[in-house]
Amino acid sequence: ALAEAIEAALGGPGTLVAEAGTGIGKTFAYLVPILLAGRRAIVSTGTRTLQDQLFKRDLPRLLDALDCHPRVALLKGRGNYLCLHRFELTRLGGELKSPALLARLEQIREWAGVTRIGELAEIALADASPLRPLITSSVDNCLGGDCPRYADCFLVKARRRAQDADLVVVNHHLLFADLALKQEGFGELLPPAEAVVVDEAHQVPDIASRFFGRRLSGRQLSDLAQDVRREAAEVTGALAQVVEPSQVLETAVARLNLAIEPHPERGSWERARVSPAVGAALAALTRALTGLDELLATLAERSAGLESCWARARQRLAALAELTAPDVDGVVRWYEKTRRSFTVHASPLSVAEAMSALRDGIAPCWIFTSATLSVGGRFDLFLSQLGIEDAETVSLPSPFDYRRNALAYLPPGIPLPEHPEFVARMLDRVLPVLEYSGGRAFLLFTSHRNLRLAAEQLAARTELPLLIQGEMPRHRLLEEFRRSGNGVLLGAASFWQGVDVAGAALSCVVIDKLPFAPPDDPLLEARLKQIRASGGNPFFDYQLPAAVLALKQGVGRLIRDYADRGVLVLCDPRLESKPYGRVFLDSLPEMEVTRELRDVARFFDHPA
């Protein structure tokens, strides 16, 4: 049914929005019609992992089965490809002192001599490796046609393959980078297409908001300072001139990082920047960046690298000016911080108008698909976010037998989430379930605070192996979870979607509370204010449907294949005490709901 709906959509211009429950086989459902119709198409997936799975596993099987031979290409963002110029600067620069990193650099040198694609996944270089930013390019530091290694550039070759292909597989970040380039009149990364398929489309509104805004990060500024020194080292007499001003910039970045430290992890930039410490640090940063910019203006003509650094300094000054200017209607300024850095964003409250205009200019046919796009059978929130007014919509349930293979348990006696003993009382009800399931569980939290509290308390109350988000990279946590056989994985937002553990390894999913976005989230605050000003109801128009879609993503972790069995534990008493709780329950797959622990014991064939 999904393939037929997509085939019909490919027959003419227009938009199809298709919700397809877990297990339908979305990939085959859109690839087969595209391949049979011979359409020139772009397929965008949510992550690089899904890109690789589609291109290296699903697509070859279908091409063989259908005996068709279109030109196909896989294209990722520039940070996935070795930059030969920056690699040589790093190898010869003498800045690296670690024996382990130097040994790894030598391995990369040997690989660089034989690789055809130049994709860092070939040598399993981790995203978090300190080498990665040193041997890849960014939009900021790429020298383009002025690069001495341009003729050999792996990224350029990958983009040429994509331009010549009939079917290109990308990810959402690359798709929106291309759309943003088109919007700014700077050309394009992707070829013209007759159809664009956007898989995992529920991610699109947030990603689009980031790409159509502006951001400035401490990491960008620190990288600029380091690159200035690296490029100056290649020009006689230049290094001595740039050392002090580049270090002054790094000091100013560190000072602003320190000033933001007492503030929440994510919040309103308007509120943060009026504090005396942040205001003084911003003034010092502006002076430091202006000083470096003025110096680079005098050095730019001496090398392509220094000219590129000067262009970046001007861009950073423009971003800094925009982020410290008075408020602009329709734009919200906000910040987020990590352990080592910060990022300040200026995000449009709505991407509907930009998306609507850009869709018309990219391809006549657009297909959006995901397991979670509708609330109560309606697609209103998704359609309004993307400015889609005349789409065909279809919602197809999962083919999995949830009534036979799943059970939803609503534990009694848990207080409201704001109660100080909420986590402890929740664990009182969850621990017997974990005993019956033998671990093999995901505990999904809506906040890192609750995750940390639960981790501390569980450590003293169970001998099951605990795997806690933040203690190791996500892929390692999942490997350890599968290997353990009885592990309990505690995760927050990033584990609610895009995580696939099929089979008996995952037999229980516990969700602490309904995933309403935090009320002090700066983007949410601004959106709700805008809805209220236009006469809408912020809760029913936005907060409730957004939370329902988020819950559907978390629930989707439980049953991933036909033979999977599992128990879903929903610990929020508002499901029964609030009228809107019924909206959440009605959004679940069709499964039995119980309030009795003995039903859970019976499900796991455990003596109650």
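The values are calculated or read from the model by the stated rules, or taken from the named source; none is laboratory data. Because the structure is predicted, anything quoted here is derived from the model rather than measured. As a convention, Cβ positions derive from the backbone with ideal geometry for all residues, glycine included, and neighbour counts pool all protein chains shown. The protein model used for the area step is the full one, side chains on, heavy atoms only, and it has no ligands, DNA or RNA in it. Shrake-Rupley method; radii C 1.70, N 1.55, O 1.52, S 1.80 Å.
Values for this structure:
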quantity	calculated
Yes/no for D127 being in contact with a strand residue (DSSP E or B) (Cβ under 8 Å, 6 or more places away or on another chain) and of a type outside the set (K, R)	no
Matching residues in the stretch 351-365 - criterion: being buried (at least 18 other Cβ atoms within 10 Å of the Cβ), touching a Gly at 6+ places or on another chain (Cβ under 9 Å) and part of a loop (DSSP other than H, G, I, E, B)	V351
Residues located in the stretch 91-115, provided they are in contact (Cβ under 8 Å) with a residue 60 or more places away in the chain and part of a helix (DSSP H, G or I)	G93
Check on A284, among the aliphatic types (A, V, I, L, M) and over 25 Å from the mean Cα position of the chain (by Cα)	yes
All positions within the stretch 84-108 that are over 25 Å from S308 (Cα atoms) and open to solvent by 20 Å² or more (accessible area, probe 1.4 Å)	K97, S98, P99, A100, L101, L102, A103, R104, E106, Q107
Top-ranked residue in the stretch 563-584 [being touching a residue at least 24 places away in the same chain (Cβ under 8 Å) and farther than 23 Å from A424 by Cα; ranked as nearest to the chain's Cα centre (by Cα)]	F584
The stretch 202-239, subset polar (S, T, N, Q), over 16 Å from S350 (Cα atoms) and under 20 Å from the mean Cα position of the chain (by Cα), residue surrounded by the most Cβ atoms within 10 Å (Cβ to Cβ)	S217
Counted residues, the stretch 68-83 - those being over 19 Å from L175 (Cα atoms) and either buried (at least 19 other Cβ atoms within 10 Å of the Cβ) or without any contact (Cβ under 8 Å) to a residue 60 or more places away in the chain (or both)	4
Residue that is farthest from L155 (Cα to Cα) [pool: residues in the stretch 116-131 that are modelled with pLDDT of 90 or more and in a loop (DSSP other than H, G, I, E, B)]	L131
Filter pass, T298 being part of a helix (DSSP H, G or I) and either among the hydroxyl-bearing types (S, T, Y) or in contact (Cβ under 8 Å) with a residue 24 or more places away in the chain (or both)	yes
Residue that is farthest from the chain's Cα centre (by Cα) [pool: residues in the stretch 316-328 that are closer than 28 Å to Q241 by Cα and surrounded by 15 or more Cβ atoms within 10 Å (Cβ to Cβ)]	L317
Pairs, first surrounded by 22 or more Cβ atoms within 10 Å (Cβ to Cβ) in the stretch 248-266, second part of a helix (DSSP H, G or I) and charged (D, E, K, R), C-beta under 9 Å, six or more apart	A252/R287; V253/R219
Residues satisfying the stated conditions in the stretch 358-383, i.e. in contact (Cβ under 8 Å) with a residue 60 or more places away in the chain and among the small types (G, A, S)	G361, A363, S370, A371, S374, G376
Cβ pairs under 9 Å, 6+ apart, first in the stretch 121-140 and in contact (Cβ under 8 Å) with a residue 24 or more places away in the chain, second β-branched (V, I, T)	L131/T90; L131/I108; L134/T90; I135/T90; I135/I108
Test: residue in the stretch 297-312 that is open to solvent by less than 60 Å² (accessible area, probe 1.4 Å), closer than 21 Å to A346 by Cβ and touching a Lys or Arg at 6+ places or on another chain (Cβ under 8 Å)	no
Residues of the stretch 130-160 satisfying the condition of being out of contact with any helix residue (DSSP H, G or I) (no Cβ under 8 Å at 6 or more places or on another chain) and either surrounded by 16 or more Cβ atoms within 10 Å (Cβ to Cβ) or of a type in the set (G, A, S) (or both)	G145, A151, A158, R159
The stretch 339-379 - residue that is within 30 Å of E270 (Cβ to Cβ) and of a type in the set (D, E, K, R) and, of those, farthest from the chain's Cα centre (by Cα)	E353
Those strands (runs of 3 or more DSSP E) lying entirely in the stretch 366-483 with at least 2 residues open to solvent by 10 Å² or more (accessible area, probe 1.4 Å)	392-396, 466-468
Single condition S507 does not satisfy, out of (1) among the hydroxyl-bearing types (S, T, Y); (2) open to solvent by 10 Å² or more (accessible area, probe 1.4 Å); (3) touching a residue at least 40 places away in the same chain (Cβ under 8 Å); (4) over 21 Å from G25 (Cα atoms)	(2)
Filtered residue count, the stretch 566-590, keeping only those that are buried (at least 17 other Cβ atoms within 10 Å of the Cβ) and over 26 Å from V423 (Cα atoms)	1
Residue count for the stretch 16-28, restricted to those that are more than 24 Å from D380 (Cα to Cα) and open to solvent by less than 40 Å² (accessible area, probe 1.4 Å)	3
Exclusive hit being modelled with pLDDT of 95 or more and small (G, A, S), set S494, S437, S447, S484	S437
Some residue of the stretch 179-186 being more than 23 Å from A325 (Cβ to Cβ) and open to solvent by less than 10 Å² (accessible area, probe 1.4 Å)	yes
Residue in the stretch 329-350 that is farther than 19 Å from R219 by Cα, outside any loop (DSSP other than H, G, I, E, B), among the hydroxyl-bearing types (S, T, Y) and open to solvent by 30 Å² or more (accessible area, probe 1.4 Å) present	no
